[in-house]
Amino acid sequence: MVRMRAFEDQSVRAFRSGLAGGYLHVYTGMEATAIGWLSSRQPDDPIITAYRDHAHALYLGIDPVVCMAEIMGRAKGTSKGKGGSMHLYSADHHFYGGWGIVGGHTALGAGLGFAIKYKGGNQVAHCFLGDGAANAGVFFEVMNMASLWDLPVIFIIENNEFAMGTRLEFHAADPEMHKRAEGFNMHHERIDGMDVIDVRRDAQRIISNVRETSRPALIEVMNYRYAGHGAADNDQTLYRSQQEVELAWKRDPVHRLANLLTEQYGVNKQILEKIQREAEEEMEGVYDEAAASPKPEPDEVYSDVYTDMQPERGH
Ligand SMILES: Cc1ncc(C[n+]2csc(CCOP(=O)(O)OP(=O)(O)O)c2C)c(N)n1
């Protein structure tokens, strides 16, 4: 968790220094969800998420330098520097993005589930989405098809209480979003996403059930977004108070785990401080290495595109 948070601090630094092109959204405060959930997956389970994707990529083992290089638009980035923060990707790590179109990737999540079933595998597809994305029309079609076709896919709504500049109560007719699965005859539940141990326990139970039955599920994980929507969201007073954010920090998953370790397992606080320091130093190094790495060659713009656009071929 502390590595992810330190990485996010450095990614914001990259954005503010003008080294990160495009937009950037951090996962700070939500770490227990990705870690608790992904620690319960089978290593070859396919994973897909939206644009708040740094933490998932790191947890799945993608080199932080390669992730930071992508954020900075460098040649060694996961997508050769063409995707940026929202488009981290690594098929080798079973990580299928990183998507910017809100809700659109849920159809790809169902597709990952379909592929598993078609090939007769025993994997489960994990599709993370935001609470705002759960309002997109496509998601209702996706839930219907996933259930109708018995796809082994879990839709994990990371409910951080906000969708860009609006709050849950203002955008969801029923703020208990997991209940939407009822209309599609699909298992659903809401779980606490601020305690990494609890998330892991719940995820293990839910994932093994989906793996056994090949029936999809909709899980709403409650957490909180501490930072603005994106790195350029500087005026949050339109949708929340400072006091609310301060209260949420009291539930911080990193502090919660630290308290558990010190109070129940007798771990020395100095050890935790050392881990924290090492994570910060590591990510400062990641920033420097990515910033020093080369930019893509101009010709690279023509590769990995759908059509043949080589200028020498007259297109
Ligand atoms: C189809 C589409 N509509 C609108 C947007 C603009 N947009 C970007 S993020 C966002 C809010 C999404 O909120 P949520 O799904 O809750 O994710 P969070 O940012 O909280 O992780 C919107 C509306 C978009 N990217 N795609």
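The values are calculated or read from the model by the stated rules, or taken from the named source; none is laboratory data. All values derive from a computational prediction rather than experimental measurement. Glycine gets a Cβ as well: all are built from the backbone with ideal geometry, and neighbour counts include every protein chain shown. For the accessible areas, the whole protein counts, side chains as well, though only heavy atoms, and no ligand, DNA or RNA atoms are used. Shrake-Rupley method; radii C 1.70, N 1.55, O 1.52, S 1.80 Å.
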Checked against (1) in a loop (DSSP other than H, G, I, E, B); (2) open to solvent by less than 50 Å² (accessible area, probe 1.4 Å), TYR287 satisfies every condition except (1)
Failed condition for MET143, given (1) under 25 Å from LYS117 (Cα atoms); (2) assigned to a helix (DSSP H, G or I); (3) away from the ligand (no atom under 16 Å from the Cβ); (4) of a type in the set (A, V, I, L, M), with all others met? (3)
Test ARG41 against the stated conditions and say whether it is in a loop (DSSP other than H, G, I, E, B) and either of a type in the set (D, E, K, R) or modelled with pLDDT under 95 (or both). yes
Restricting to region 146-167, and then to whatever is among the hydrophobic types (A, V, I, L, M, F, W, C) and part of a strand (DSSP E or B), can you tell me which residue is most open to solvent (accessible area, probe 1.4 Å)? ALA163
Per the filter on region 93-114, residues within 16 Å of the ligand (Cβ to nearest atom) and in a loop (DSSP other than H, G, I, E, B) are GLY97, GLY98, TRP99, GLY100, ILE101, VAL102, GLY103, GLY104
Of the conditions (1) under 30 Å from ALA146 (Cα atoms); (2) open to solvent by less than 60 Å² (accessible area, probe 1.4 Å); (3) assigned to a helix (DSSP H, G or I); (4) free of Cβ contacts under 8 Å to residues at least 40 places away in the same chain, VAL199 satisfies every one except a single condition; which number is it? (4)
Per the filter on region 120-140, residues outside any helix (DSSP H, G or I), open to solvent by 10 Å² or more (accessible area, probe 1.4 Å) and farther than 20 Å from TYR51 by Cβ are GLY120, GLY121, ASN122, GLN123
For region 149-160, does any single residue satisfy the condition of being free of Cβ contacts under 8 Å to residues at least 24 places away in the same chain, among the β-branched types (Val, Ile, Thr) and closer than 26 Å to GLU8 by Cβ? no
On the given criteria, is LYS117 out of contact with any Asp or Glu (no Cβ under 8 Å at 6 or more places or on another chain), charged (D, E, K, R) and part of a helix (DSSP H, G or I)? no
Could you look through region 47-86, keep only residues that are in a helix (DSSP H, G or I) and within 16 Å of the ligand (Cβ to nearest atom), and pick out the one that is nearest to GLY21 (Cα to Cα)? SER85
Scanning region 173-194 residue by residue, those under 21 Å from the mean Cα position of the chain (by Cα) and open to solvent by less than 30 Å² (accessible area, probe 1.4 Å) turn out to be MET177, HIS178, ILE191, GLY193, MET194
Just name the residue that is most open to solvent (accessible area, probe 1.4 Å) out of those in region 91-119 that are hydroxyl-bearing (Ser, Thr, Tyr) and over 19 Å from THR213 (Cβ atoms). TYR96
